[in-house]
Each structure stands twice: as structure tokens, then as C-alpha cells.
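The values are calculated or read from the model by the stated rules, or taken from the named source; none is laboratory data. Keep in mind it's a predicted model, so treat the numbers as computed, not measured. Because the Cβ atoms are built from the backbone with ideal geometry, glycine has one as well, and the counts that use them run over all protein chains shown. Heads up: the accessible areas ignore ligands, DNA and RNA and are worked out on the full protein's heavy atoms, side chains in. Shrake-Rupley method; radii C 1.70, N 1.55, O 1.52, S 1.80 Å.
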Amino acid sequence: MWQQKHTTGSAPLGVYCCAFTVVGKRLVVYGGWCGHDDCYHNSLHELNTTSLEWTVLVTNETERATMKKDSC
């Protein structure tokens with residue numbers, strides 16, 4: 001049975017065609033497309049599946065920006 005759970009923190013935008021992966025008890029969400037022309041995203045969010053708290057992940061890489069993409 002599906003249940004909707006309340007989460008806290010900075011959840012990702014309502015995009016689709018994003019990539020998900022699981023690392024331990026964390027769900028990581030990358031990129032996506034919001035449905036507006038060529039409006040792609042390069043955001044990286046993590047959901048702690050124990051506390052149900054979202055966190056925005058940032059890189060310390062300043063010379064190369066992550067490519068904005070969908071269906072990755």
C-alpha cells in the first residue's frame with residue numbers, strides 16, 4: 001500500500017525525467033526537466049529515508065559546472 005509521508009528540508013522541484021539512486025539509507029535525486037521548453041536542471045538533492053529530511057547537495061568544484069540534463 002502506498003502512503004504519503006511528510007518530509008522536511010529543501011525538497012527538489014517538481015520535475016520529471018530526473019535520475020534517482022540509493023546510497024545506504026539515502027535517496028539521491030539529480031537533474032530533471034520542468035516541462036518548459038529547454039528548462040533542464042542540474043540540482044542534486046538527498047532524502048534521508050530515516051528522518052525524511054531533504055538536503056541540497058553542493059559541489060566544491062568551481063571550475064566545471066555540472067551539465068543541466070534530463071533522462072540521465
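Observations on the model:
Condition check ((1) touching a His at 6+ places or on another chain (Cβ under 9 Å); (2) of a type in the set (D, E); (3) at pLDDT below 90) across all residues:
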position	(1), (2), (3)
L13	yes, no, yes
V22	no, no, no
G31	yes, no, yes
E46	no, yes, no
V58	no, no, yes
K69	yes, no, yes
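- Filtered residues of region 35-48 (kept if acidic (D, E) and surrounded by 14 or more Cβ atoms within 10 Å (Cβ to Cβ)): E46
- Residues satisfying the stated conditions in region 46-59, i.e. of a type in the set (S, T, Y) and either in contact (Cβ under 8 Å) with a residue 24 or more places away in the chain or within 16 Å of K5 (Cβ to Cβ) (or both): T49, T50, S51, T55
- So S43, is it among the polar types (S, T, N, Q) and under 8 Å from the mean Cα position of the chain (by Cα): yes
- Count of residues meeting criterion [outside any loop (DSSP other than H, G, I, E, B), open to solvent by less than 40 Å² (accessible area, probe 1.4 Å) and out of contact with any Cys (no Cβ under 6 Å at 6 or more places or on another chain)] in region 11-34: 1
- Pairs with Cβ under 6 Å, 6+ apart, first in region 16-45 and in contact (Cβ under 8 Å) with a residue 24 or more places away in the chain and farther than 16 Å from T59 by Cβ, second open to solvent by 50 Å² or more (accessible area, probe 1.4 Å) and among the charged types (D, E, K, R): Y40/K68; Y40/K69
- The test for being at pLDDT 90 or above, among the small types (G, A, S), assigned to a loop (DSSP other than H, G, I, E, B) and surrounded by fewer than 13 Cβ atoms within 10 Å (Cβ to Cβ) holds for S51.
- T8 vs. criteria modelled with pLDDT of 95 or more and either under 16 Å from T59 (Cβ atoms) or exposed (fewer than 14 other Cβ atoms within 10 Å of the Cβ) (or both): yes
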